[in-house]
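Remarks on the structure that follows.
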Amino acid sequence: MKKVIVLCLVLVAFISCGEQKSKNEKTVKIPVYAWTGGPGDASDQELSERFLAYKEKGIDGLLYNGGHDPETYKRVGALVKTAGMEFHAWIPTMVQGENPKISKDLYAHNRNGDSAFDKPAYVDYYKFLCPNKEGTYDFLSNLYGSVAAVAEIDGIHLDYIRFPDVILAEGLWDKYGLVMDQEYPEYDYCYCDKCTSDFEEQTGIDINNVADASAVQEWKQFRYDLITNMVGRLAKVVREKEKVINAAVFPGPTIAKAKVRQEWNTWDLDAVFPMNYNDFYLKGPEWIGEVVKEEVASVNGLKPIYSGLFICPNPENKSKENDPENHGLLPSEIETAIRASMENGATGICLFTPERMKPEHWDAFEKAIYTDYTKE
Ligand SMILES: [Zn+2]
């Protein structure tokens with residue numbers, strides 16, 4: 001009998017030792033963020049359960065799209081913090097729908113002279129503000145300042161901090177029936193009076209009277225700088241509240257500059273979240289590694305790059321879907337996407353979105369995030 005007890009004790013010691021080991025192994029984990037939003041009609045308890053489940057799955061912080069009201073971020077932020085995650089307010093920047101606080105003359109104009117408010121490009125919500133108007137800055141600094149003042153948030157996450165896509169990602173051409181082989185006037189912004197006259201004053205070039213505006217490098221740079229300056233001014237507002245500021249950007253920055261005029265490698269941010277959504281560029285998951293390499297090099301490795309991954313919501317239908325919004329990473333592509341990001345210098349990854357993840361995605365995700373990617 002004694003022998004049996006001793007054997008049992010040995011076994012128990014052995015088993016608990018084994019458990020100890022697997023827990024230790026699990027301490028190697030890559031940082032993971034996720035884009036999500038709400039809260040809709042969800043109760044505090046429903047939200048808490050959801051946030052605890054995300055934390056349990058390995059998510060360390062949420063970029064949370066909850067509108068403009070600071071009270072929403074206060075309520076949701078408290079629940080996210082209790083669940084043990086970081087909480088960043090994800091609020092679109094240059095895209096702003098009709099709002100009594102925004103004068104119509106603050107909206108950007110295209111090369112045909114049309115306002116993005118009256119005649120938005122591609123889709124009805126593409127109502128972009130002009131980044132060169134003081135009223136635009138006033139509106140945005142009030143918005144982000146009031147949310148950054150909420151004690152429960154860690155930071156502000158900018159999105160749509162850019163011009164409308166002058167060249168749409170290749171994967172979207174069919175959807176909109178376009179071949180975007182050059183910069184067409186209806187998608188090329190901002191030609192408002194203030195932008196064109198400020199540019200002429202700076203450079204002597206009357207951009208409305210050149211044969212090919214897309215060939216004028218100074219005009220491109222002028223517009224990169226408008227966005228860069230806006231980021232810098234908003235960063236000041238956010239940091240005055242002792243919060244961090246980061247942004248969702250297009251990949252690159254080569255692609256980001258060419259398509260939406262984001263020279264984001266020069267921006268004054270604490271972290272960058274490039275949307276490395278391979279399917280929109282008709283590329284496989286290994287392409288994510290190439291673009292992350294460029295992204296990390298573009299900031300000289302000095303700023304964290306969190307590689308944004310676009311998840312396929314219905315993997316079984318992907319091949320039949322024409323709309324790239326329903327494409328994205330399959331469970332079988334998750335490992336490649338995460339490995340390619342981490343081996344090329346990403347600090348971590350960011351999921352778009354946890355709600356799109358199927359059980360098979362989570363299985364692949366769990367294996368990939370508990371892996372040591374540091375090179376020996
Ligand atoms: Zn303008």
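Candidate cross-link partners of Lys194 among the aspartates and glutamates, defined by an alpha-carbon separation under 13 Å and a same-chain spacing of 8 or more, comprise Asp105, Glu134, Asp206. Of all DSSP-defined beta bridges confined to the chain, some 10% are antiparallel rather than parallel. Bridgeable aspartates and glutamates around Lys81 (alpha carbons under 16 Å apart, same-chain partners fewer than 8 residues away excluded): Asp44, Glu46, Glu49, Glu56, Asp60, Glu71, Glu152, Asp154. For Trp35, the shell of other residues with beta-carbons less than 12 Å away shows a net charge of -1, using +1 for Lys and Arg and -1 for Asp and Glu.
Please state the shape class of region 30-85: rounded when a/c is under 1.5, otherwise prolate if a/b exceeds b/c and oblate if not, all from the C-alpha gyration tensor. Working shown, then result.
Values: a/c = 1.96, a/b = 1.44, b/c = 1.36.
Here region 30-85 falls in the prolate category.
When every alpha-carbon pair in the chain is counted, what percent end up more than 27 Å apart? Walk me through the numbers before you get to the answer.
Details: 37358 of 70500 pairs.
Beyond 27 Å sits 53 percent of the P(r) for the chain.
Centre-to-centre, using Cα atoms only, region 310-376 and region 104-181 are separated by 28 Å. As a calculated quantity, the FRET efficiency between Lys119 and Asn317 at R0 = 45 Å, using C-beta atoms, amounts to about 0.85.
Extending 7 Å from the Cα toward the beta-carbon at both Thr27 and Glu355 defines two label points whose distance is 3.7 nm. Computed packing ranks the peptides 271-280, 144-153 as 271-280, 144-153, most packed first, by mean other Cβ atoms within 10 Å. Checked against a 21 Å cut-off, the cross-linked pairs Lys29/Lys57; Lys29/Lys241; Lys257/Lys283; Lys133/Lys220 give Cα-Cα distances beyond that limit for Lys29/Lys241. Excluding same-chain neighbours fewer than eight residues apart, the aspartates and glutamates reachable from Lys303 by a Cα-Cα span under 12 Å are Asp268, Asp270, Glu295. Mark the label point 7 Å from the Cα of Asp363 along Cα→Cβ and return the residues of region 316-356 whose backbone N is within less than 13 Å of it. Answer for this model: 331-333.
Quick note: the coordinates plus some simple rules give every number you see, no bench work behind them. Because the structure is predicted, anything quoted here is derived from the model rather than measured. Methodologically, a virtual Cβ is constructed for each residue, glycine included, from the backbone with ideal geometry; neighbour enumeration extends over all protein chains shown.
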